[in-house]
Amino acid sequence: MTSNDYLEVYANDQEDRYHHLPKLDIAIKISRILSKRFTVKDIDLNRREMLADKFNITDYSLSKLLKALQSDDYCYDMIH
């Protein structure tokens with residue numbers, strides 16, 4: 001996924017402030033961590049909460065980002 005692809009998804013997200021996708025710079029950092037270290041199966045509730053807390057975003061926003069980055073049932077795409 002390119003930065004432009006993510007910005008298009010971000011712009012079309014009509015949720016309120018607490019349920020919106022994270023900003024691009026945060027999404028890039030999270031996507032790098034996910035794509036290099038984790039598979040889809042590795043991300044449980046505890047890891048979601050840890051990542052959300054680390055990047056100061058809501059759990060719901062992180063869940064939306066995970067869905068956007070999931071390329072298949074096994075791995076996450078990196079935003080570049």
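The values are calculated or read from the model by the stated rules, or taken from the named source; none is laboratory data. Just so we're clear, the structure is a prediction, and the values are computed from it rather than from any experiment. Methodologically, a virtual Cβ is constructed for each residue, glycine included, from the backbone with ideal geometry; neighbour enumeration extends over all protein chains shown. What goes into the accessible areas is simple: the full protein's heavy atoms, side chains included, and nothing from ligands, DNA or RNA. Shrake-Rupley method; radii C 1.70, N 1.55, O 1.52, S 1.80 Å.
Taking the stated definitions as given, is GLU15 open to solvent by 90 Å² or more (accessible area, probe 1.4 Å) and modelled with pLDDT under 90? Taking the combined requirement at face value, the residue does not satisfy it. Just to verify a result, which residue in segment 7-40, among those that are over 10 Å from the mean Cα position of the chain (by Cα) and among the hydroxyl-bearing types (Ser, Thr, Tyr), is farthest from ILE57 (Cα to Cα)? So the residue we want is THR39.
Considering segment 57-80, the residues that are out of contact with any Asp or Glu (no Cβ under 9 Å at 6 or more places or on another chain), touching a residue at least 12 places away in the same chain (Cβ under 8 Å) and open to solvent by 90 Å² or more (accessible area, probe 1.4 Å) include one that is nearest to ALA11 (Cα to Cα), namely HIS80. Return the pair list, or none, for Cβ contacts closer than 9 Å from residues in segment 21-32 that are without any contact (Cβ under 8 Å) to a residue 60 or more places away in the chain to residues that are open to solvent by less than 30 Å² (accessible area, probe 1.4 Å) and acidic (Asp, Glu), at least 6 apart or on different chains. Partner pairs satisfying both residue conditions: LEU21/ASP13. Could you tell me whether segment 58-73 includes any residue that is at pLDDT below 90 and more than 13 Å from the chain's Cα centre (by Cα)? Scanning segment 58-73, I find at least one residue that is at pLDDT below 90 and more than 13 Å from the chain's Cα centre (by Cα), so the answer is yes.
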